[in-house]
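Below you'll find the structure, written out as structure tokens, and then a few comments.
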């Protein structure tokens, strides 16, 4: 009897996991095309600057990302470092630090893409206009246990998110997603703000698509 109960519990867990995976796939099937991310496999190079301004400080990092080669280059001040993300074993600390910053900055840029790449990330609907992205407490890459409660409009574009560090009950940061720009096929929010004076922006965004020698620079997105 105990064995049958245990097997039933396992089966129920597998069914629940399958349902959650199906829900994640359904959400991404709506959001990725809305943001042009269903064409990301055709991106040859993406450039952007990550800029954070607070009352008394400014952080600026410039990125060159060649996803088909898995190569990233960071320029910050007088420093420049380039690496292949699939070859991080025994990487020097400067590269490991740069990679953590790249994951953070590109996650702000294209969170749905990162969610699609992370098999252990959960993505579920809270209501019609809100989804919840969660990373496991063990593993979870650089952000174990982190949770994002993400609002979106009827086009599938993010309007706000609440970041819960480590799954904390109260949000650690609540920010707008605004001023959408068209960067080739990609639709990207250029500005993020909160009431505390935090302002994160993306500048110098440009993309080069495979087979096209011309760079596509960011332009304001027209209202649909």
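Within the set of pairs 6 or more residues apart or between chains, which connect a residue that is surrounded by 16 or more Cβ atoms within 10 Å (Cβ to Cβ) inside region 109-137 to a residue that is at pLDDT below 95 and not in a loop (DSSP other than H, G, I, E, B) with Cβ atoms less than 7 Å apart?
From residues that are surrounded by 16 or more Cβ atoms within 10 Å (Cβ to Cβ), the pairs are 122/20.
Residue 144 fails exactly one of the following numbered conditions: (1) touching a strand residue (DSSP E or B) at 6+ places or on another chain (Cβ under 7 Å); (2) surrounded by fewer than 16 Cβ atoms within 10 Å (Cβ to Cβ). What is the number of that condition?
Single failed check for residue 144: (1).
Out of everything in region 208-224 that is closer than 29 Å to residue 162 by Cβ and touching a strand residue (DSSP E or B) at 6+ places or on another chain (Cβ under 7 Å), what residue ends up being surrounded by the fewest Cβ atoms within 10 Å (Cβ to Cβ)?
Initial filter on region 208-224 (closer than 29 Å to residue 162 by Cβ): 218, 220-224.
Applying the additional criterion that residues be touching a strand residue (DSSP E or B) at 6+ places or on another chain (Cβ under 7 Å) yields 218, 220-221.
Values: 218: 20, 220: 10, 221: 16.
Checked region 208-224; the qualifying residue surrounded by the fewest Cβ atoms within 10 Å (Cβ to Cβ) is 220.
Assess whether residue 204 counts as being modelled with pLDDT of 95 or more, assigned to a strand (DSSP E or B) and more than 21 Å from residue 38 (Cα to Cα).
On the way: modelled with pLDDT of 95 or more: yes; assigned to a strand (DSSP E or B): yes; more than 21 Å from residue 38 (Cα to Cα): yes.
Yes.
Given the options 185, 171, name the one that is closer than 25 Å to residue 135 by Cβ and surrounded by 13 or more Cβ atoms within 10 Å (Cβ to Cβ).
None of the other options fit; the residue is 171.
Hey, can you tell me all the residues within region 69-95 that are surrounded by 13 or more Cβ atoms within 10 Å (Cβ to Cβ) and not in a strand (DSSP E or B)? Even if it seems obvious, please write down each step before you answer.
Here is the first cut: in region 69-95, the residues surrounded by 13 or more Cβ atoms within 10 Å (Cβ to Cβ) are 71-76, 81-85, 91, 95.
Passing the criteria: 85, 91, 95.
Can you give me the number of residues within region 157-199 that are part of a loop (DSSP other than H, G, I, E, B) and under 22 Å from residue 28 (Cα atoms)? I'd like the intermediate steps shown before the answer.
Taking region 157-199 and keeping what is part of a loop (DSSP other than H, G, I, E, B), we get 157, 168-172, 177, 184-185, 194-198.
Pick out the ones that are also under 22 Å from residue 28 (Cα atoms) and you get 157, 177, 184-185.
Total satisfying the criteria: 4.
Report the residue count in region 161-210 for those that are touching a helix residue (DSSP H, G or I) at 6+ places or on another chain (Cβ under 9 Å) and in contact (Cβ under 8 Å) with a residue 60 or more places away in the chain.
Within region 161-210, residues that are touching a helix residue (DSSP H, G or I) at 6+ places or on another chain (Cβ under 9 Å) and in contact (Cβ under 8 Å) with a residue 60 or more places away in the chain number 11.
The values are calculated or read from the model by the stated rules, or taken from the named source; none is laboratory data. Worth saying up front: this structure is predicted, and the values here are computed from it rather than measured. Cβ sites come from the backbone with ideal geometry, for glycine too, and all protein chains shown count toward neighbours.
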